[in-house]
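Any read-out appearing in this document is the output of simple, stated calculations on the displayed coordinates, not a laboratory observation. Nothing here was measured: the structure is a model prediction, and the numbers come from that model. Every residue, glycine among them, receives a Cβ derived from its backbone with ideal geometry; neighbour counts consider all protein chains shown.
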Amino acid sequence: MNVHDSEKVIGTLIGQGYSQVDTPEAAELVFYNTCSIRDKAEQKVFNRLQQFKKDHKGKTFAVLGCVAQQEGDKIFEKAPHVSLVCGSASYNKLPDLLIQLETGNKRVTGLSLDTEETFDTPMTRRDNPHRAYITIIEGCDKSCAYCVVPFTRGPERSRTSASVIAEARQLAAAGYTEIQLLGQNVNSYHDPSPAGWDFAAMLDNVGKVPGIRRVRFTTSHPRDFVKGIIDAIDSNPSLCNHVHLPVQSGSTRVLDAMQRLYTRDQYMQRIAWMKQASRPIAITTDIIVGFPGETEEDFEATLGLIEEVEYDSLFSFKYSRRPNTPALALGDQIPEEEKGRRLTILQERQRAIQVRRNATYVGMVEECLVEGFNKATGQWIGRTSQNKTLNFLRPGSDEDLLGKYVEVRVTRAGPNSLAGECVN
Ligand code: SAM
Ligand code: SF4
């Protein structure tokens, strides 16, 4: 989502007559887009800002994103060389803020969260030549006890279905074949126009735009994950067979303390829908270990859940205390060392699951979108519909495959990728 926000900001700046340069050295105005989801990410921002100051004297600095929203004016105290601070809910005001900077204002902010508008840009500078992102819903109306997002990205607002479909058509006309729909809770999408599409209808219709061969989406919230989404994937081959469904914990007691709005059983019901689909759907997740009060038994329940689901991959994090969040008030903080121990155990278990699962692909033929070429190994880098990396050789041909779809037979499997040979 941050990558795509940067693409939209760059498009907006180009629309205002600025031009993008290749290095910070060549820039007069340096924008720094930031993340504050965990403490480590936030610390990096201030370290980098200090480094920038030393290396790039005399330039104008701007801080965007969640750290900007969270710290606001305080950024000017911590980093006095910064001139502009703007959160993602105010990016539509960037043209005005830039004019204020150009007219000599040294301290400019865009920090309002009470915007009804979504950040719809007339121009977006897209960096990925194969996959185009479309934000369909901004912000978050949930209040998970550990999370800063509702404070930094503001309330949920959905774009109209007509504007999303128009953007998908433009992207197809520009040659894109793969679209990824984005939102903090992408499946909470609700069309504000009279058409009134829900998320399943949006998915199906984007998948029917002529020229679009692959549609992905991230991130889904389990509470709003209805069976209609799986039915749409099952019936429309353009919808990739991969669902990222963050569980956070396998213990209903911890899920309740996290205010996640679902139980373990309700989550497993959604997994059962996916496993009953006629196409094999890859399932991935996010897990937090060491949430306040998480006992050894709770942690064991999480380990049991990953074995039961057999995720294709997962992102795992040590719980990090974040400003303003309800979890700050909870006692029983788990020591850092114990969080680290749990994280290592979880990751080792998951690695074994991935080795096992990926081995089942050996011998199968998978369609890949070719995204790169590794000069060192002579292998093309492809991505399957299930979002797996498949490195492959195409002996006896020097055709440029970048951006093309090819069939690849899987011959080897590792924990994080597959390898094979092109069969067409
Ligand atoms: N909206 C998505 C959902 O509810 O599943 C997740 C969005 S969040 C940007 C991405 C992931 O960061 C979360 O799924 C969670 O695992 C992790 N995360 C968020 N806050 C965290 C915290 N305070 N400490 C550790 N991990 C955190
Ligand atoms: Fe954060 Fe929860 Fe909203 Fe996801 S649903 S962004 S974890 S508050």
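Remark: the ASP39-LYS208 segment gains 56.7 nm on full extension, using 0.36 nm per residue and subtracting the alpha carbon distance. For PRO415, what is the net charge nearby, where nearby means another residue's Cβ is under 10 Å from its Cβ and Lys, Arg count +1, Asp, Glu -1? Around PRO415, the charge tally is +3. Taking amide H atoms as placed 1.01 Å from N in the peptide plane, list the residues 5 or more away in sequence, or in a different chain, whose amide H sits under 5 Å from that of VAL289. So VAL289 has HN proximity to PHE317, LYS318, TYR319.
For the pair LYS78 and THR103 in one chain, pulling the backbone fully straight at 0.36 nm per residue adds 6.6 nm over the alpha carbon distance. Taking the stretch 393-408 and a reference point 7 angstrom along Cα→Cβ of ASN374, the backbone N atoms nearer than 15 Å belong to 393-394.
Within the chain, CYS35, CYS66, CYS86, CYS140, CYS240, CYS368, CYS422 have no other Cys Cβ under 4.7 Å of their Cβ and so lack a disulfide-compatible partner by this rule. Computed from the Cβ-Cβ distance with R0 of 30 Å, the FRET efficiency linking SER235 to VAL423 stands at 0.65.
For the peptides 33-42, 354-363, residues were scored by their other Cβ atoms within 10 Å and the scores averaged per peptide; the highest-first order is 33-42, 354-363. Considering only THR109, ILE134, HIS81, the residue lying farthest towards the positive end of the dipole of the stretch 1-157 is HIS81, judged by Cα position with unit charges set on Cβ.
Working from label points 7 Å from Cα in the Cα-to-Cβ sense, the ALA359 to ASP332 distance is 3.8 nm. Determine the percent antiparallel among the DSSP beta bridges restricted to the stretch 266-424, to the nearest 5. Antiparallel bridges: around 65 percent, rounded to the nearest 5.
Taking MET123, MET274, MET258 in turn, the Gaussian network model of the chain (Cα-Cα springs below 10 Å) assigns the largest fluctuation to MET123. Of the GluC sites (Glu not before Pro) in the stretch 1-37, the ones in a loop by DSSP (not H, G, I, E or B) with at most 15 other beta carbons within 10 Å are GLU28. For the chain, DSSP calls about 40 percent of its internal beta bridges antiparallel. In this label model, GLN269 and GLU310 are separated by 2.4 nm, measuring between points 7 Å along each Cα→Cβ vector.
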